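Notes to accompany the following structure.
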Amino acid sequence: MDIDPIHEGHVLIVPKQHVDSIEKLSDDEIIDIMGVARKIVVALKYIYGNDGYSTMQNGGKFCDYGHAHFHVFPRYDNYGFGWTYPEGESEYSERVAEKIRDRL
């Protein structure tokens, strides 16, 4: 469980392998983690009746404790938690999408 939960039911999934980023986990490990996350989401909905959920992972230098971990937590309408977005018009960039596609 998270030591500073966003909501009751805020769960951490912590892989056994000591790495700081998902890029260092194998495809099979990621598939296993997502399978566990799905089971947690189903359990949270049953227990808390939440409106939705979020999953999150901070990697590299933004990995708080130097060990990869994945957050899964219930979300509720009108609670106020959410991502902040820059003000003003945002522009879709085909050039950026193309760079990512080329790398994939």
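The values are calculated or read from the model by the stated rules, or taken from the named source; none is laboratory data. Since this is a predicted model, take the numbers as computed values, not measurements. Heads up, the Cβs are rebuilt from the backbone with ideal geometry, glycines too, and the neighbour counts pull from every protein chain shown.
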Worksheet item: In the stretch 25-53, which residues are among the hydroxyl-bearing types (Ser, Thr, Tyr) and either in contact (Cβ under 8 Å) with a residue 24 or more places away in the chain or exposed (fewer than 13 other Cβ atoms within 10 Å of the Cβ) (or both)?
Response: Ser26, Tyr46, Tyr48
Discussion item. Tell me the residue from Met56, Met1 that is of a type outside the set (Asp, Glu) and free of Cβ contacts under 8 Å to residues at least 12 places away in the same chain, please.
Written reply: Met1
Response to the item:
Looking across the stretch 1-24 at residues that are under 18 Å from Gly59 (Cα atoms) and either of a type in the set (D, E, K, R) or over 15 Å from the mean Cα position of the chain (by Cα) (or both), the single one that is surrounded by the fewest Cβ atoms within 10 Å (Cβ to Cβ) is Lys16
Practice prompt. Consider Arg95 carefully, then state whether it is charged (D, E, K, R) and under 14 Å from the mean Cα position of the chain (by Cα).
Written response: no
Discussion item. With the requirement that a residue be over 15 Å from the mean Cα position of the chain (by Cα) and closer than 17 Å to Pro5 by Cα, what does the stretch 52-74 give you?
Written reply: Tyr65
Worksheet item: If Asp77 passes every condition in (1) more than 13 Å from the chain's Cα centre (by Cα); (2) at pLDDT below 90; (3) surrounded by fewer than 11 Cβ atoms within 10 Å (Cβ to Cβ) but one, which one does it miss?
Response: (2)
Worksheet item: Do we find a residue being among the aromatic types (Phe, Trp, Tyr) and at pLDDT 90 or above anywhere in the stretch 80-98?
Response: no
